[in-house]
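A.B. asks: What follows is a structure written as structure tokens; I'll ask about it next.
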Amino acid sequence: MNPTLKYALSACILTTLAGCGQTDSDSVKPAKQLAPPEETGVLEVATRNGSTTYYLDRHENPIGPEHSLITRFAESKGWQVQWTMHDSTAEVLKALESGATHLAAAGLTHLPSRTERFTQGPAHTEITEQLVCHREMRPLPRKPETIAEVGITVTADSSYVETLNGLATEHEGIKFEEDDSRTTEILLAAVAERSLDCTVADSNIVQVMRRHFPHLEVAMNLTAGKNLGWYLPAGAEDLAGSAREWMNSTAGDEAIGYMENRYYAYIGEFDFVDLRALNRRLEERLPKFANHFAEAEATTGMPADLLAALSYQESHWDPAAVSPTGVRGIMMLTQNTAQSLGVTDRLDPVAAIDGGARYLADRHRRLPDTIPEPDRTFLALASYNIGRGHLLDARQLARDLGKNPDSWDDMKEVLPLKADKRYYPQTRYGYARGYEPVHYVQRIRNYRDVISSQFE
């Protein structure tokens, strides 16, 4: 792997896209220049890219649990938000220590050791810290006294280090490694790929990741419930009190409810693909829509069985499907995408299938003609899932790493680097859950193998 890449340029580009005035963590303003938000109307917030904190979606809009809560808090005060991206939790804590930010919102666990150094803000999410291993590991460590038998790697300077050190004082032989170059998400992916034995992660991160890596197994909970929340520089009691008051208000409760519904509530316990359910839906649901997929193929050139597989991945062929994230219909179109395609009713399966097919065809058309099939189709599907901007970033990363951006075999190795802090800071659109399109394409290919006979 390459060493950690410089961040400054990408932070400025991401600032422009997000419209939130980001700055590089190496050029933050000293504390004496940081006027309170009551005077400037600007709340400066330190965070890090991550699926449970802040990132850009496939339409290059800033989203994430922390982004959602901070935005609503700032709106309640009439303030704008200036986000500063940092590479790690350690860098966020340095920004707090230097007084270079008003507030840190980065999925930080409330710990006594941190509260001694900083002003504790309000909590918003309860998690447990979990030991996560590959489900086929035998034997899985199910009790603290068996942890010494497995290799554990965790993110450096995280709360997990404190937890494991505490367990090591109670149980002999517990050892672990701190990794200062990989995020918790990347370490979980490494466990799923069996290049690591186990890691430790917050339960909300595990919840998100297990949808994409079903071989991840929670071996045990290492802690009781802990709170994630905000921290402020030492002495910032007034702003901390204001934040706690808002979080405990009706508006704060509503903001937390919205955040939970959008990012977590819809994620159930992940199970392997139920082929029996797919076969049942081939008989019960697909016949209602097969002709519409065929008509969309005639209009756009996108194969009907591919469109049907994509639709099954998106909605299981449910024309009334609605997600808390705002996508809906048999093709699960966002409102903005539907409007751009002239689809006025996303719950109309005929219009939605036609719109989704045209959108996929557009993703396909905008890729270079020199990309061979089926790679071009796989890349178009990835673009449909993650957004064209993030795909272009990954293609450039592939070039930088000496890989072929026109090869899906190479790109499925590069796309996950959009979630790796060693790589995404240099990209134009920043962090993305790059492992998602890899598994998205894989699932669609599997579904297509089963579905294709219906269109012969």
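A.B. asks: Taking only protein heavy atoms into account and a 1.4 Å probe, give the accessible area per residue of the chain in Å².
C.D. replies: Details: 19580 Å² over 456 residues.
Computed with neighbouring chains in place, this is 43 Å² per residue.
A.B. asks: Would you mind putting 367-374, 311-318, 82-89, 99-106 in packing order, based on average other-beta-carbon counts within 10 Å, highest first?
C.D. replies: Details: 367-374: 11.8, 311-318: 21.2, 82-89: 23.4, 99-106: 25.5.
Descending mean neighbour count gives 99-106, 82-89, 311-318, 367-374.
A.B. asks: Going by amide H atoms built from the backbone, whose H comes under 5 Å of the H on Ala236, apart from near neighbours?
C.D. replies: HN-HN under 5 Å from Ala236: Thr119.
A.B. asks: Okay, next question. Computing the accessible area with a 1.4 Å probe over protein heavy atoms, can you report the carbon and sulfur percentage for the range 174-287? Numbers along the way, then the final one.
C.D. replies: Numbers: 2390 of 5520 Å².
Answer for the range 174-287: carbon and sulfur cover 43 percent of the accessible area.
A.B. asks: Report the label-to-label distance for Ala190 and Glu295 in nanometres (one decimal), using points 7 Å from each Cα along the Cα→Cβ vector.
C.D. replies: Going by the 7 Å Cα→Cβ label model, 5.2 nm.
A.B. asks: Give a residue-ordered list of calculated ³J(HN,Hα) values for the range 326-331 (Karplus: 6.51 cos²θ - 1.76 cosθ + 1.60, θ = phi - 60°; whole Hz; x for Gly, Pro).
C.D. replies: Values, residue by residue: x, 8, 7, x, 5, 10 Hz.
A.B. asks: What is the projected area of the convex hull of the Cα atoms of the chain, averaged over all directions, in nm²?
C.D. replies: Values: hull surface 90.1 nm².
Projected over every direction and averaged, the Cα hull of the chain covers 22.5 nm².
A.B. asks: Got the relative contact order for the range 332-447 handy, in percent, Cα pairs under 8 Å and 6 or more residues apart?
C.D. replies: Details: 123 pairs, mean separation 22.3, N = 116.
Answer for the range 332-447 is 19 percent.
A.B. asks: Calculate the dipole size of the range 284-348 relative to its Cα centre from +1 charges on Lys and Arg beta carbons and -1 charges on Asp and Glu beta carbons; express the result in debye to the nearest 20.
C.D. replies: 160
A.B. asks: In the range 47-153, carbon and sulfur make up what percent of the accessible area (probe 1.4 Å)? All intermediate terms of the calculation are to be shown ahead of the outcome.
C.D. replies: Details: 1630 of 3800 Å².
Ligands and nucleic acids excluded, carbon and sulfur reach 43 percent.
A.B. asks: Quick one: putting +1 on the C-beta of Lys and Arg, -1 on the C-beta of Asp and Glu, what dipole do you get for the chain around its Cα centre, in Debye to the nearest 20? If you can, show how the numbers build up before the last one.
C.D. replies: Details: 47 positive and 64 negative charges, 152 e Å.
Roughly 740 debye, rounded to the nearest 20.
A.B. asks: Could I ask something else about it? Could you please state how large a percent of the accessible area of the range 351-420 is carbon and sulfur, counting protein chains only and using a 1.4 Å probe?
C.D. replies: C and S atoms contribute 46 percent here.
A.B. asks: Here's another thing I want to ask about it. Report, by chain and number, residues whose modeled amide H sits under 5 Å from the one on Thr223, excluding near sequence neighbours (fewer than 5 apart, same chain).
C.D. replies: Those lying under 5 Å, H to H, from Thr223 are Glu129.
A.B. asks: Charges only on Cβ, +1 for Lys and Arg, -1 for Asp and Glu: so what's the dipole of the range 153-218 about the Cα centre, in debye to the nearest 20?
C.D. replies: Here the range 153-218 has a charge dipole of around 360 debye.
A.B. asks: Averaging sequence separations of C-alpha pairs under 8 Å and six or more residues apart, then dividing by the length of the chain, give the relative contact order as a whole percent.
C.D. replies: Working: 797 pairs, mean separation 81.4, N = 456.
In percent, rounded to a whole number, it is 18.
A.B. asks: Any chance you could give the angle, 0 to 90 degrees and rounded to 10, that helix 388-400 forms with the longest Cα principal axis of the chain?
C.D. replies: 80
A.B. asks: If a/c stays under 1.5 just call it rounded; otherwise compare a/b with b/c (prolate if a/b is bigger, oblate if not). Do that for the range 259-383, with a ≥ b ≥ c from the square roots of the Cα gyration tensor eigenvalues. Intermediate results must be reported in sequence, preceding the final value.
C.D. replies: Numbers: a/c = 1.39, a/b = 1.26, b/c = 1.10.
Note, shape of the range 259-383 comes out rounded.
A.B. asks: Using the beta-carbon distance between Ala234 and Glu373 and R0 = 51 Å, what value does 1/(1 + (r/R0)^6) give for FRET efficiency, to the nearest 0.05?
C.D. replies: It comes to 0.30.
A.B. asks: As a check on your grasp of the helix formula, calculate [θ] at 222 nm for the chain: sum -39500 (n - 2.57) over DSSP H runs of n ≥ 4, divide by the residue count, round to the nearest 500. Spell out each step's value before the answer.
C.D. replies: Details: 19 runs with 204 residues, N = 456.
Computed mean residue ellipticity for the chain: -13500 deg cm²/dmol.
A.B. asks: How do the peptides 69-75, 445-451, 304-310 rank, highest first, by the average count of neighbouring beta carbon atoms within 10 Å per residue?
C.D. replies: Numbers: 69-75: 20.1, 445-451: 17.3, 304-310: 24.7.
Ranking the peptides 69-75, 445-451, 304-310 by packing returns 304-310, 69-75, 445-451.
A.B. asks: Which Cα, out of Gly229, Val161, Asn279, lies furthest along the positive dipole direction of the chain (beta carbon charges, K/R +1, D/E -1)?
C.D. replies: Asn279
The values are calculated or read from the model by the stated rules, or taken from the named source; none is laboratory data. Keep in mind the model is a prediction, meaning the values are calculated, not measured. When we count neighbours, we look across all protein chains shown, and the Cβ atoms used for this are built from the backbone with ideal geometry, even at glycine. Surface accessibility is based on the protein's heavy atoms, side chains included, excluding ligands, DNA and RNA. Shrake-Rupley method; radii C 1.70, N 1.55, O 1.52, S 1.80 Å.
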